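Have a look at the structure below before the remarks.
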Amino acid sequence: MISRRAFVKAGGLALFGIGVGGVPAFVTRAVAQPKFINPYKKNKILVCIFQRGAMDGLMAVTPFTDQYLKETRPTLFMNADSKGALLDLDGRFGLHPGFSSFQQLFQDRQLAIVHGMGSPNNTRSHFDAQDYMESGTPFRKGTESGWLNRAIGLLGHDGSPLRGVSLTTSLPRSFYGDNPSIAINNLNDFAIQMRGNKSGVNVAAQSFEELYDQTSDQLLRETGKESFEAIKLLQKADVKNYKPANDAVYPASGLGNALKQISQLIKLDVGLEVAFAESGGWDTHVNQGTDKGIFARNAMDLSNSMVAFWKDLGQLQDDVTLMTMTEFGRTVKQNGTGGTDHGRASCMFIVGNNVQGGKVHGTLNLLAIENLEDGRDLPVTTDFRSVFSEVADKHLGLTNDRILFPDWEGSTIGVMKT
């Protein structure tokens, strides 16, 4: 039995897609109230994509002039001098052909790359590394909130129930906390999921309906109101028949669908400020491949999804910055099964009109064994918080890094325009 106090403390609902059934009847009744919120002020929007599994940054953006890398990756190394090979960015770094759709954005200076990026915590556990990155406290495991939830709080904009939205089946660690945030897997169909501030506890719709029937007036006046308003906002939109602008074509993938729905939310002007999506499959221990294979397929899906999203935004591009992240990189040396194992630093992509684009930022020394961490890994030369804080500060206008990243006292790297 869930008490009303426990419900109010939970602070809202997460909405996730289901294949059939649509919106439960009691929710429809709840949102059929005569009052409805006014359109929200247009905000700057940060969209984050977590590449789960740890992307091989040395394959994504390869220092192809480095002889040491060529020697340690006899079957994985790619050059920039033949068909199907790397796309030369600046005479030193080459973009994996799977990311070929990024090339125009890079040339137009709308894409910035940060290399040698990672966490100061040297864990090689996927779970721990993702937790540290999403909480923004790499040496504090018990942090209750995520850095994106804290960013929503620092923005201080009340009103919209959709200021923080994750296009995932459950609320990501980045969104844990006291500030309103919602997980929506599919804008077309919804079921109800109770969200606790720390974890995201599922509650059957029937149980929720019983609780709603007992205390409906109070719920509509307090925390439940935001979630019902969110449902009503989305019910007014014809999301099923959405047509992307500017001939944008999204891949028929989880990420492509998520970014298409984020674009819809942005165009609906519902007060969105922070959005989140995921890209999986980057744990390439075996048969990683070169221009074909697991890595190439993931790279093509990520880049094609991001470029379609950017093209679809059209004139709204000035309001949006799109940023990737991944928990760590891969070993410099390939393993015996044609893959790479858990390493340290990787790279990330940032798309926007306010980025210092057309450049590979960060420090990457020659990959001689004496320059590697533990004799095997690309060292972390850029703390992920240096990039995250700079993007949040410059794009969203945040100024309190002590709250956003409480244990960090570093400096930014100049990836954003002043």
Exercise for review: Report, largest value first, the span of the C-alpha coordinates of the stretch 252-306 along each principal axis, in whole Å.
Suggested key: 44, 16, 13
Practice item. Starting from 0 in steps of 10 Å, tell me what percent of the Cα-Cα pairs of the stretch 333-372 lands in each bin. Key: 19, 38, 29, 13, 1
Exercise for review: Using 0.36 nm per residue of separation minus the Cα-Cα distance, give me the extension gain between Asp393 and Lys243 in nm, one decimal.
Suggested key: 50.7 nm
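No lab work stands behind these numbers, since they all come straight from the coordinates. Owing to the predicted nature of the structure, the values given are computational and were not obtained by experimental measurement.
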